[in-house]
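Single-structure report; data block below.
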Amino acid sequence: QDQLSIMLQPKVECQSGALVGFEVLARWQHPQMGNIPPDQFIAIAEHNQLIDTLTEVIFNKALHWFSAFCAERQAAASVSTGKHLLCSINISALSLKNLQLFNLLDQLCRHHQIPAEQIMLELTETGAMDDTLASLDILTRLRMKGFQLSIDDFGTGFSSMLQLVRMPFSEVKVDKSFVMTAQHSRESQLVIKAIIDLAHSLDMVVIAEGIEDADTLQFLQQLGCDKAQGYFIGKPLHDHQITDWLA
Ligand code: C2E
Ligand code: CA
Ligand code: CA
């Protein structure tokens with residue numbers, strides 16, 4: 001019934017604050033029940049074999065918005081600034097075995113004339129690391145199509161170093177539970193530092209999510225974190241709110 005929509009949360013360069021892209025977040029506005037949080041309806045979709053359809057719907061809406069956004073920026077700046085932006089989309093662990101879905105996503109990129117290189121697929125650590133060999137096969141195929149891969153919620157799962165080295169990820173996303181407690185927890189600080197060092201030694205880009213204040217952003221800058229995301233930088237926005245946020 002077309003009740004799903006998307007919100008866009010900005011991702012910026014940690015040091016300069018320059019925009020690097022957006023994460024697409026699904027929203028469900030139910031006519032009677034109001035706003036249903038994704039933590040609830042994603043799980044329901046997963047349990048009812050509807051998650052691939054949901055991914056397709058969200059992906060389509062995301063590309064529709066993203067191609068218009070990039071075109072607008074390019075026209076406004078008269079340089080190809082839109083070309084360097086990334087659009088990050090969440091992929092459920094359950095979809096990882098569905099090659100057909102990824103062929104479809106590839107087709108959608110062509111349809112919207114967006115190079116796969118500008119699409120970052122965010123996969124959760126536990127999902128990505130289950131059944132390593134099958135995951136490695138499909139992730140490698142996705143990389144060969146040009147998609148970028150991000151390992152989401154990193155630090156909360158149980159992946160080994162070896163798995164991380166073998167998997168073709170380009171980005172590691174430090175879980176917000178560490179970032180949101182960094183100011184008060186030495187343990188969180190150590191975990192964040194270790195993840196940044198590990199990712200850099202593997203030539204991966206690190207992004208921290210859940211940055212809610214200036215002190216946390218500064219802490220991450222000092223550690224050499226590459227990218228930043230969180231309420232302090234920008235909350236998830238409706239597409240019509242982006243111009244104001246940018247200004
Ligand atoms: P996630 O992928 O870890 O997304 C980040 C969540 O953290 C988002 O919640 C975002 O609004 C929130 N967040 C961002 N910055 C901050 C901050 O500074 N402080 C706090 N407290 N929270 C922050 P949201 O939108 O409720 O999404 C929750 C989860 O639902 C996502 O977690 C993701 O796992 C799932 N999800 C959302 N959209 C989709 C989708 O299209 N497909 C799939 N498969 N999962 C989705
Ligand atoms: Ca995510
Ligand atoms: Ca996350």
### Pick from the stretch 149-187, criterion aromatic (Phe, Trp, Tyr) and away from ligand 1 (no atom under 11 Å from the Cβ), ranking: most open to solvent (accessible area, probe 1.4 Å)
Phe158
### Task
Working only within the stretch 211-234, note down all residues that are assigned to a loop (DSSP other than H, G, I, E, B), charged (D, E, K, R) and more than 15 Å from ligand 3 (Cβ to nearest atom).
Asp213, Asp226
### Query
When the stretch 194-235 is examined, which residues are found to be more than 21 Å from Thr156 (Cβ to Cβ), surrounded by fewer than 19 Cβ atoms within 10 Å (Cβ to Cβ) and under 15 Å from the mean Cα position of the chain (by Cα)?
Lys235
### Task
Report, by residue number, each residue of the stretch 85-102 that is open to solvent by less than 40 Å² (accessible area, probe 1.4 Å), under 23 Å from Val205 (Cα atoms) and not hydrophobic (A, V, I, L, M, F, W, C).
Ser88, Ser92
### Query
Val24 versus (1) surrounded by 16 or more Cβ atoms within 10 Å (Cβ to Cβ); (2) assigned to a helix (DSSP H, G or I); (3) under 18 Å from the mean Cα position of the chain (by Cα): which is the lone unmet condition?
(2)
### Query
So, of the residues in the stretch 27-60 that are open to solvent by 80 Å² or more (accessible area, probe 1.4 Å) and in a strand (DSSP E or B), which turns out to be nearest to Leu220 (Cα to Cα)?
Asn35
### Query
Quick one: is Ala208 among the small types (Gly, Ala, Ser) and within 16 Å of ligand 3 (Cβ to nearest atom)?
yes
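Hey, among the residues in the stretch 103-128 that are away from ligand 1 (no atom under 16 Å from the Cβ) and acidic (Asp, Glu), which one's most open to solvent (accessible area, probe 1.4 Å)?
Going through the qualifying residues, I end up with Glu117.
The values are calculated or read from the model by the stated rules, or taken from the named source; none is laboratory data. Fair warning: this is a prediction, and the values are worked out from it, not measured in the lab. All Cβ positions, glycine included, derive from the backbone under ideal geometry; neighbour counts span all protein chains shown. Just so you know, the surface numbers come from the protein's heavy atoms only, side chains and all, with ligands and any DNA or RNA stripped out. Shrake-Rupley method; radii C 1.70, N 1.55, O 1.52, S 1.80 Å.
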